[in-house]
Amino acid sequence: MRFFGFVYALTACALLGAAFSAPAEAGLRETASWGGESLPVEVRLTAVAVDDQGRAFVADAERNWIIRIEADGSSETNWQISPPRDIPREDPVDLALDDDDNVYALDHIGDRVSVFTEDGDPVTSWQIPVPGGVDVNSITWESGSIWVIGDDLVRRYSPSGQLQDSWGGFESDPQWTSPLIRGDGEGHLIVSATARSDREATTSIYRFDLDGTRLSKWSSPAQVYLGYTHGGSFITGVEQDYAIAPSPDGDVWAIRPPAGFFAKIGPSGETDRVGGSGVVPSSFDLAPNGDFIYSDRSSIVRMNAAGEKLRRWHRVELPKYTGDEFWEGEFIVANELAVSDGGVVGSYDPYLSRAQTSTSDGSFLHRFEVPANSQSYNDVIRLMMTPGGGTELLDRTTGTIERFDDQGAALPSVQLDTEDKILDVAIDPIGGYAALMWSEDEVGLFAPDGSLTGSVPVAAVNPAQRAYERIEVDSEGHIFQLTRTEIHEFDRTGEEIANWEVRVSNCLPEYWLADVAIDGDDVVYVLGSRGGEPVVLKFGSGLNQIWEESIDPKQTSMHGGYLDVGPDGSIYATTGDGIQRYDQSEAGAAPPGPDCHVDPPPPGPVRLLGLAFGPGRHWAIATIRVADHGWISVSGSKVVTKERTLAKAKTIRIAVRPRPRFLRPRARARRFKATFNIDLVTAQDSWRITRTATFKSRVRSHR
């Protein structure tokens, strides 16, 4: 009874949130939208292959391209494996180089090999026919052939993609581990695979002839990681080699858990160890001089045999574009938004380190490449639009403002006279800039040349919430301070004129505030969230709320956003997935009051009562009410099919488990959505309901 009560409560909360978030027929009307979900989100370096010249070829699985790093460290050559907007994108899990430096990229999601010249010109591609549920994990070149290893077999292909042979001879645990393969340049193939028997596992290094004859096997114990609940223990992961590379002396180098060091493995076990500190590498290869060149997901590192790091290529040093494909008018994420008094819209993309301007309907005008910032957080830049249509970008960590005119030409930069970090900045209509300081609860006032002219005390904020503060300044010079739950209006002396605070009620979804904007008539607008869905609030004099309207959510859950108002009163907003323009002429909805009533869900022959996720969000239990006897199943392209036969109507619990390939351990958990169908088939009819759930991949244990 406790379980079902918990599920019903969750369902009730979800329905309540949905009731509040549904936009009314009148309200904010979307009139334009651009730059939406069309580009990959971040760098994810998954594979490294080094040629005889010392050049490193690196696969970026997130942007679906290959980058060539020259022996001198430069990295200008790069190319797409397939179009960057393809959904689903290819996932290049591994790379191989042949004797002519042609590059073979293995896509383990699409089971495909794509071949390119060393300069990125496409040569050919082919599909790998594998049984359902079998993954292909690693690729190598040896003795004139391409070799691909999956969970079940080693497959030999000609350079043009003709299957020539296949064989097994190794033991692996495909549920938790992925076998790896490399050629040693001497006519042999090296395979690393981990096998498991219940709670015991073994990692083995195999050496095979080209016909699959096993020449040697070196084994060592591997740890099986366990989690614990009140019902007992369960497996959470199994140790395996993350990557391997043959050593010229016949041994094999491997990245081994838990610390991620490079271990040299021979017939008697480990003989040497290098590295082991910092981020755990995900892939590597050996340079001709014996250096290690490896990826740690977001950067490439060169390390010598003594473990000394010689060079690091951070993601911001790698190419941002391929060829002439600048993706003008698009962005990975709009992390800033501002509109000039002439209706020019500016946005900033932290992943591409560039700002863009567009017309009010999204037509591209200019882009501004700014110095890449390697800070670990991506909201370093604040963007402002000047009255004449110019663009200004503040680096919050240095206080430097990069300035551009309305045609995109660079202007002299401005250095704000402060050693403090800055939370937010706004153009001050009185003259210069107003900047919310990090260390003090005050706004610094700066002249146009950056010199400090004064300060205004503002409301004290919980330090844990300070990063979310924003400010704006109206035509009279009044300062509006936005926190997660409040708005404050101050005059230039620091006297508080008005304030507004979100309402708190057990029968209201959670509110929080994200951004503030002021139009030409000094009307205040706020972008916020109610129950995880975006809303816009409008305020009159004295911060008296006029209306609150929902806008179409472009994400399943809003975690932040940006807002501004154009000279014609149009509202511009982004919640991370494109910029939208809204007409507010029909807006006017009163803020919703508390409502604790929840209508029960309608009856039906099959009904999902709730979905409870297991530890780590790797699986879930669906509670289903079935009103007739028959055959019921849970299925989907990303989930394991489960079937049951029911002799009578009843409430059942059935597992929703993603297919193993989507749960494979990664350096950090990756969220993915899985759509599944619940089908009921009776003697008279059949019914289907479809739902989507968000799961997480497993995380490699580094213990």
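The table below lists the values:
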{"read-out": "Output for region 627-640, where each listed residue is open to solvent by 70 Å² or more (accessible area, probe 1.4 Å) and outside any loop (DSSP other than H, G, I, E, B)", "value": "W631"}
{"read-out": "Number of the exception - S138 against (1) touching a strand residue (DSSP E or B) at 6+ places or on another chain (Cβ under 6 Å); (2) surrounded by fewer than 24 Cβ atoms within 10 Å (Cβ to Cβ)", "value": "(2)"}
{"read-out": "Boolean, Y468 is among the aromatic types (F, W, Y) and over 21 Å from P387 (Cβ atoms)", "value": "yes"}
{"read-out": "Any hit, region 686-701, residues being out of contact with any Phe, Trp or Tyr (no Cβ under 6 Å at 6 or more places or on another chain), modelled with pLDDT under 80, assigned to a loop (DSSP other than H, G, I, E, B) and open to solvent by 30 Å² or more (accessible area, probe 1.4 Å)", "value": "yes"}
{"read-out": "Hey, L513 at pLDDT below 95 and part of a loop (DSSP other than H, G, I, E, B) or not", "value": "no"}
{"read-out": "Answer residue from region 192-216, given it is without any contact (Cβ under 8 Å) to a residue 60 or more places away in the chain and in a loop (DSSP other than H, G, I, E, B) and is least open to solvent (accessible area, probe 1.4 Å) among those", "value": "G212"}
{"read-out": "Residue list for region 419-434, restricted to those being closer than 16 Å to G399 by Cα and either open to solvent by 20 Å² or more (accessible area, probe 1.4 Å) or within 30 Å of the chain's Cα centre (by Cα) (or both)", "value": "E419, D420, K421, I422, L423, D424, V425, A426, I427"}
{"read-out": "Qualifying positions in region 42-82 - at pLDDT below 95 and at positive phi", "value": "N64, G73"}
{"read-out": "Hey, T236 closer than 30 Å to R617 by Cα, of a type in the set (V, I, T) and either in contact (Cβ under 8 Å) with a residue 24 or more places away in the chain or open to solvent by 40 Å² or more (accessible area, probe 1.4 Å) (or both) or not", "value": "yes"}
{"read-out": "Strands (runs of 3 or more DSSP E) within region 46-136 that include 2 or more residues of a type in the set (V, I, T)", "value": "65-69, 112-116, 122-127"}
{"read-out": "For I487: the one exception among (1) in contact with a Leu (Cβ under 8 Å, 6 or more places away or on another chain); (2) within 26 Å of Q415 (Cβ to Cβ); (3) not in a loop (DSSP other than H, G, I, E, B)", "value": "(2)"}
{"read-out": "In region 328-376, residue modelled with the lowest pLDDT [restricted to those that are of a type in the set (S, T, Y) and closer than 18 Å to T398 by Cα]", "value": "S376"}
{"read-out": "Options G576, G610; residue that is surrounded by 14 or more Cβ atoms within 10 Å (Cβ to Cβ), modelled with pLDDT under 85 and in contact with a helix residue (DSSP H, G or I) (Cβ under 6 Å, 6 or more places away or on another chain)", "value": "G610"}
{"read-out": "Subset of region 164-186 (residues that are open to solvent by 20 Å² or more (accessible area, probe 1.4 Å) and either outside any strand (DSSP E or B) or free of Cβ contacts under 8 Å to residues at least 12 places away in the same chain (or both))", "value": "G168, G169, F170, E171, S172, P174, Q175, S178, D184, G185, E186"}
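The values are calculated or read from the model by the stated rules, or taken from the named source; none is laboratory data. Because the structure is predicted, anything quoted here is derived from the model rather than measured. Note that each Cβ is placed from the backbone with ideal geometry, even for glycine, and that neighbours are counted across all protein chains shown. In case anyone asks, the SASA skips ligands and DNA or RNA and just uses the protein heavy atoms, side chains included. Shrake-Rupley method; radii C 1.70, N 1.55, O 1.52, S 1.80 Å.
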